[in-house]
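Before any comments, here is the structure.
The values are calculated or read from the model by the stated rules, or taken from the named source; none is laboratory data. All figures in this text were calculated on a predicted structure; none of them were measured in a lab. All Cβ positions, even for glycine, are placed from backbone atoms using ideal geometry, and neighbour counts span all protein chains on display. These area figures cover heavy atoms from the full protein model, side chains too; ligands, DNA and RNA do not enter into them. Shrake-Rupley method; radii C 1.70, N 1.55, O 1.52, S 1.80 Å.
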Protein chains: 2
Amino acid sequence: MTGETDNSINEKVNSLLFESGHRYSTVRRRLVSVLRSAGKPLTNSQIVDADDSLVQSSVYRNLNILEEAGAVTRVVTNGEFTRYELAEHITEHHHHIICTSCGDVTDFSLPSTVEKSLHNSLQKAAHKSSFSVQNHRLDALGTCSSCV
Amino acid sequence: MTGETDNSINEKVNSLLFESGHRYSTVRRRLVSVLRSAGKPLTNSQIVDADDSLVQSSVYRNLNILEEAGAVTRVVTNGEFTRYELAEHITEHHHHIICTSCGDVTDFSLPSTVEKSLHNSLQKAAHKSSFSVQNHRLDALGTCSSCV
DNA sequence: CTTCCTGCAAAAGTTTTGCATTAAC
DNA sequence: GTTAATGCAAAACTTTTGCAGGAAG
């Protein structure tokens, strides 16, 4: 899915947690492993379903810690549930196709030329509103093949 | 804010509600009026604050009905609360700058050239994943001038 | 051992719903 | 008059938190 190996991901997450004063515990390793192999943003209950040893409240708690450490990113869709994925500096910059029917999410990337003109336009637009833009979020909304 | 008059907005909302078997009641008119004059997406409590005659549960209920009718759109940010705004075909296509600190949202637009190349790239990317894309959502994430 | 982490259960916060009353047509 | 909409209170659901026991270094 990405060029990153499990080892290099674990090393990065370990550093990030250490820098923020946390341990890379067994539960956190399992969490990262589930997100890594899913390759798309998951809800809390999808994570628990994917690994029965995980407990709902611990997943919520550790996703928050991993987010603060910069290892995972909160992804909001149109649905009721918040989803999480590995942070982009651990994987790579990408966008989401969101199914407005079932809420499922798939990753995709844009040509770098489009990314660049987008970035430039955003800087200009933000400047007008005296916002400082850190990054952007682009989602395609539609219907997935199972929901047609 | 847009070229639309209050009258033309009300006519459109009235049609949309009528087509979906609902009435354009007083509460719904007030709701539309609050969203119209805000010119940016509002949370349920921001709406209630803006018009004391409105009641929390009725606002939730009517926002859902207006959304089903296609008159308003649900806007998800990084914050806890769902926000709503008038649908784009009632106002105009635009994007959001979201303050990751306070959650506030401001509208902005992109040059149509950028919009077009974006649209084309999305179609291509979606095609690969056998998704049918209806529209897109582009948000700039950053810090607003009050939160610096 | 000392500190952090986990799991369970209970709480908090947002959104939805049931029902009797009121408004719209 | 008949049907739909409203307000209140209670419920449902997602997410957070307190605390006692367990794991990690």
Exercise. Using only Cα atoms, tell me the angle between helix A:56-69 and the longest principal axis of chain A; keep it within 0 to 90° and round to the nearest 10.
Key: 60 degrees
Self-check item: 7 Å along Cα→Cβ, label-point gaps from A:S132 to other copies, nm, shortest first
Solution: 4.5
Quiz item: Roughly how much accessible area, to the nearest 100 Å², goes out of reach of solvent when B and A pair up, both sides summed, probe 1.4 Å?
Solution: 3100 Å²
Self-check item: In order through region B:22-37: 3J(HN,Hα) via Karplus (6.51 cos²θ - 1.76 cosθ + 1.60), integer Hz, x for Gly, Pro
Solution: 10, 9, 8, 6, 4, 4, 5, 5, 5, 4, 4, 5, 5, 5, 4, 7
Quiz item: So what's the Cα pair-distance distribution over the protein assembly as shown, bin width 10 Å, in %?
Solution: 6, 24, 32, 25, 11, 2, 0
Quiz item: Can you pull the percent of region B:6-142's accessible area that's carbon plus sulfur, 1.4 Å probe, other chains left in place?
Solution: 48 percent
Quiz prompt | Gaussian network model of chain A, springs between alpha carbon atoms under 10 Å - residue of A:G79, A:G21, A:G39 with greatest fluctuation | solution = A:G21
Self-check item: Residue-averaged [θ]222 nm for chain B, counting only DSSP H segments that reach four residues, each worth -39500 (n - 2.57)
Solution: -14000 deg cm²/dmol
Practice problem: Compare the peptides A:94-101, B:125-132 by average per-residue count of other Cβ atoms within 10 angstrom and give them in order, highest first. | Solution: A:94-101, B:125-132
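To the nearest 20 debye, what charge dipole does the protein assembly as shown have about its Cα centre, counting +1 at the Cβ of each Lys and Arg and -1 at the Cβ of each Asp and Glu?
So the dipole magnitude of the protein assembly as shown works out to roughly 100 debye.
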Exercise. Mind checking which of B:G21, B:V48, B:L63 is farthest towards the positive end of region B:6-142's charge dipole, using Cβ charges of +1 (Lys, Arg) and -1 (Asp, Glu) about the Cα centre?
Key: B:G21
Exercise. Just the ratio, please: alpha-carbon radius of gyration of region B:6-142 over 2.2 N^0.38 Å, N its number of residues.
Key: 1.14
Exercise. List the distances, in nm and shortest first, from the label point of A:R23 to the matching label points in every other copy, placing each point 7 Å from Cα along the Cα-to-Cβ direction.
Key: 6.4
Quiz item: Out of region B:1-62, which trypsin sites (Lys or Arg not before Pro) are coil in DSSP terms and have no more than 13 other C-beta atoms within 10 Å?
Solution: B:R23
Self-check item: Copies compared at A:N120 - label distances in nm, ascending, label defined 7 Å from Cα in the Cβ direction
Solution: 1.5
Quiz item: What is chain A's relative contact order, in percent, from Cα pairs under 8 angstrom and six or more apart in sequence?
Solution: 20 percent
Quiz prompt | Lys pairs, chain B - Cα-Cα below 30 angstrom, 8 or more residues apart or on other chains | solution = 5
Quiz prompt | Integer Hz, Karplus 6.51/-1.76/1.60 couplings in order for region B:100-116, x for Gly and Pro | solution = 6, 8, 9, x, 5, 10, 10, 7, 8, 10, 10, x, 5, 4, 5, 3, 5
Quiz item: Say we join alpha carbon atoms closer than 10 Å with springs in a Gaussian network model of chain A; which of A:Q123, A:Q134, A:Q56 then has the biggest fluctuation?
Solution: A:Q134
Quiz prompt | Modelled label reach - A:E68, point 7 Å along Cα→Cβ, region B:70-106 residues with backbone N closer than 16 Å | solution = none
Quiz prompt | Net charge over other residues, Cβ less than 11 angstrom from the Cβ of A:L110 (K, R count +1; D, E count -1) | solution = +1
